[in-house]
Amino acid sequence: MRWRKAFDQSETACEKLGAAHLLWHGIWAFKVNTEGERTDLIMGDALHNRRDDIEEVAEALVLTEWKKVAKESELPKARNAAHKQAKLYAGSSLAGVELDAYRYLVLVTLRGLEMPPNIQEAGVLYRHINIAVAPFVPSHAARQR
């Protein structure tokens, strides 16, 4: 229900909900905004203001790029945009405690979609993660494939 509400609201709402879930697993997700400042997705603060907090509570810091995919036909375009943005971030110097060998391209869809293969590039693995906010029940999903 929360994911569906976030999906209906905006891409940013999906990012914030996902960041809260990752934090529960000890992973602090962040976003690089247009000014080049790393920001905390949960509290919205610049990461350099929260470094001590991060190191105390998080086991890892990961870079995620989120895209809301309203229609299946939009998947390739959203995936390419996410990869391009994450690739730009991977080339910058981040906070120093992040997992620098992985970037997560999170594609939020209404129904579950088959994800493209992961991309290995310049020592970085770009993993495709699909969050389906209203997935088919397993038996129906099996018939769809």
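The values are calculated or read from the model by the stated rules, or taken from the named source; none is laboratory data. Worth saying up front: this structure is predicted, and the values here are computed from it rather than measured. We place every Cβ from the backbone using ideal geometry, glycine too, and count neighbours over all the protein chains shown.
Lys87: of a type in the set (D, E, K, R), modelled with pLDDT of 85 or more and either in a strand (DSSP E or B) or touching an Asp or Glu at 6+ places or on another chain (Cβ under 9 Å) (or both), yes or no? If you could, list the steps in order and put the result at the bottom.
Working: of a type in the set (D, E, K, R): yes; modelled with pLDDT of 85 or more: no; either in a strand (DSSP E or B) or touching an Asp or Glu at 6+ places or on another chain (Cβ under 9 Å) (or both): yes.
When the stated conditions are applied, Lys87 does not pass them.
Does region 117-130 contain any residue that is surrounded by 12 or more Cβ atoms within 10 Å (Cβ to Cβ), within 14 Å of the chain's Cα centre (by Cα), under 19 Å from Ser10 (Cα atoms) and at pLDDT 60 or above?
The answer is yes, given that some residue of region 117-130 is surrounded by 12 or more Cβ atoms within 10 Å (Cβ to Cβ), within 14 Å of the chain's Cα centre (by Cα), under 19 Å from Ser10 (Cα atoms) and at pLDDT 60 or above.
Do we have any residue at all in region 57-79 that's in a helix (DSSP H, G or I), under 13 Å from the mean Cα position of the chain (by Cα) and either surrounded by 13 or more Cβ atoms within 10 Å (Cβ to Cβ) or at pLDDT below 60 (or both)?
Yes, there is a match, as at least one residue in region 57-79 is in a helix (DSSP H, G or I), under 13 Å from the mean Cα position of the chain (by Cα) and either surrounded by 13 or more Cβ atoms within 10 Å (Cβ to Cβ) or at pLDDT below 60 (or both).
Before we move on, is Arg103 basic (Lys, Arg) and modelled with pLDDT of 65 or more?
Yes; evaluated as a whole, the condition is true for this residue.
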